[in-house]
Amino acid sequence: MIVVTGATGNVGRTLVRLLTDQGHEVTAVSRRITPADVPPGVHAVAADLARPVADLPAAADAVFLLVGGDLMMTGDPAAVVAPFAHYGRIVLLSSQGVVTRPDSLSHGRAFAAYEQAVMDSGADWTILRPGGFASNAYAWAPSVKAGRTVAAPFGDVGLPVIDPDDIAAVAAVVLTRPGHSKAGYELTGPAPTTPLQRAAAIADAIGEQVAFTDQTREEARAQMLAFMPAPVADTTLDILGTPTPREQAVSPDVEKVLGRPATPFTDWARRNAAAFA
């Protein structure tokens, strides 16, 4: 049995499918999950990790642990991890910010506290630390659909964003195969791409021209504050605008685990073109 939390998200949904395709028994956990959200044979548990979860399996070989944004900032890491401590292995989805922004409350310290709780739990563990997600481009979908436009800050600053399906593929390996005990993996895409380049890739994917507007930091921050706390917005903008050399570097860890290069953003855009068309 493998338990997958965050099972309806960009990583979890693919991870559930990969594990079931491999023949593993899976319990999928998410706040508003229903049986219709998972493949046949998968047990769906609607639960909030901030509260006791009654329907978790009594035993499991491993758990993929994803802690949501609000809980990451305000929760008690030891209490959140405790229900899974008796499972065979905990694979935690953390953040590259633990190593690149250790003094940031939202991107470094909060995730580091959960990493420590997992390491202290008594279970075997593996830590996954992705950088920026390719799927963050979904934020552009409404403006691309409505007017074939994209507005974003720092249009010429490149970051090696990662396809969430690659995170899921790495997670599937480390959940089910030996050799990853007490390991930490930084997960990035295969090359830095700029917002301008990502907008162009979406344009190519849908076969339409897409205009790009370079926002100021202040304009972008005002938009972000509608759906994220100010400290998260500010650190996110720091990463987007003045990334560290490590944040711009390509990590070898996806290829190390999967035996193939990470997926380029152009492939992600083609696979998800319908979201922008």
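For segment 70-125, give me every one of the helices (runs of 4 or more DSSP H) that falls completely inside it and has 2 or more residues that are under 22 Å from Thr188 (Cβ atoms) and among the aliphatic types (A, V, I, L, M).
97-100, 110-119
Of the conditions (1) open to solvent by 20 Å² or more (accessible area, probe 1.4 Å); (2) of a type in the set (Ser, Thr, Tyr); (3) not in a helix (DSSP H, G or I), Ser143 clears all except one; give me its number.
Ser143 satisfies all of (1) open to solvent by 20 Å² or more (accessible area, probe 1.4 Å); (2) of a type in the set (Ser, Thr, Tyr); (3) not in a helix (DSSP H, G or I) except (3).
Yes/no matrix, rows are residues, columns are (1) open to solvent by 20 Å² or more (accessible area, probe 1.4 Å); (2) among the aliphatic types (A, V, I, L, M):
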site	(1), (2)
Phe64	no, no
Ala78	yes, yes
His86	yes, no
Ile90	no, yes
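If Pro142 satisfies every condition in (1) over 22 Å from the mean Cα position of the chain (by Cα); (2) farther than 27 Å from Pro245 by Cα but one, which is the exception?
Exception for Pro142: condition (1).
Can you find a residue in segment 134-155 that is hydrophobic (A, V, I, L, M, F, W, C) and farther than 29 Å from Ala269 by Cβ?
No - not one qualifying residue is present in segment 134-155.
When the residues of segment 30-49 are filtered to those that are of a type in the set (Gly, Ala, Ser) and under 21 Å from the mean Cα position of the chain (by Cα), which remaining residue is modelled with the lowest pLDDT?
Out of the qualifying residues, it is Ala47.
Residues to consider are Asp234, Asp267, Asp204; find the one that is charged (D, E, K, R) and at pLDDT below 95.
Going through Asp234, Asp267, Asp204 in turn, the sole match is Asp234.
Out of segment 186-207, which residues are more than 16 Å from Val250 (Cα to Cα), open to solvent by 20 Å² or more (accessible area, probe 1.4 Å) and hydrophobic (A, V, I, L, M, F, W, C)?
Listed by number, the residues that qualify are Leu196, Ala200, Ala205, Ile206.
Report whether or not Ala183 is under 28 Å from Gly68 (Cβ atoms), open to solvent by less than 40 Å² (accessible area, probe 1.4 Å), touching a helix residue (DSSP H, G or I) at 6+ places or on another chain (Cβ under 9 Å) and in contact (Cβ under 8 Å) with a residue 40 or more places away in the chain.
yes
When the residues of segment 92-109 are narrowed to those that are charged (D, E, K, R) and open to solvent by 60 Å² or more (accessible area, probe 1.4 Å), which ends up farthest from the chain's Cα centre (by Cα)?
Looking at residues that are charged (D, E, K, R) and open to solvent by 60 Å² or more (accessible area, probe 1.4 Å), I get Asp103.
The values are calculated or read from the model by the stated rules, or taken from the named source; none is laboratory data. Computed from a prediction, not measured in an experiment: that's the story for all the values here. Counting neighbours? That spans all protein chains shown, and the Cβs are built from the backbone with ideal geometry, glycine included. Protein only, heavy atoms only, side chains kept; ligands, DNA and RNA dropped before computing areas. Shrake-Rupley method; radii C 1.70, N 1.55, O 1.52, S 1.80 Å.
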